[in-house]
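Report on the following structure.
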Amino acid sequence: MARLLALGHEIERRVRSGEIEDLSHAARVLGLTRARVTQIANLTLLCPTIQEEVLTMPPVTAGRDPITERALRAIAAEAMWERQRELWDALSPRLRSLASLG
């Protein structure tokens, strides 16, 4: 998940700098669909504290990430950061237990 979040920030950075025109152009450059690029870029809408937690999670060396992209997208879809925190905090006990297994 950290890689996708980092890619979302890279896409946003390149659009802001003018290196890439927009998300449609990013999709063509990356060889992805516009919908997929939008999903990835929307991860940057997560509140900063959640982004920090995602980026600092221990690397997954075997198995799956303890959080799914679908769960993160659902949280990012919430406009209010307070509500995002509530949703994230509801996942946190599960995330901590899964992360400790790795």
Among the residues of region 20-45, count how many are farther than 21 Å from T68 by Cβ, in contact with a helix residue (DSSP H, G or I) (Cβ under 8 Å, 6 or more places away or on another chain) and either of a type in the set (D, E) or in a loop (DSSP other than H, G, I, E, B) (or both).
3
List the pairs whose first member sits in region 1-27 and is closer than 25 Å to I50 by Cα and modelled with pLDDT under 95, whose second member is among the acidic types (D, E) and surrounded by 15 or more Cβ atoms within 10 Å (Cβ to Cβ), and whose Cβ atoms are under 6 Å apart, counting only residues at least 6 apart or on separate chains?
M1/D65
Across region 51-87, the tally of residues that are part of a helix (DSSP H, G or I), surrounded by 14 or more Cβ atoms within 10 Å (Cβ to Cβ) and in contact (Cβ under 8 Å) with a residue 24 or more places away in the chain stands at 11
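The values are calculated or read from the model by the stated rules, or taken from the named source; none is laboratory data. Source: prediction; values computed, not measured. Positions of Cβ are backbone-derived with ideal geometry, glycine not excepted, and every protein chain shown enters the neighbour counts.
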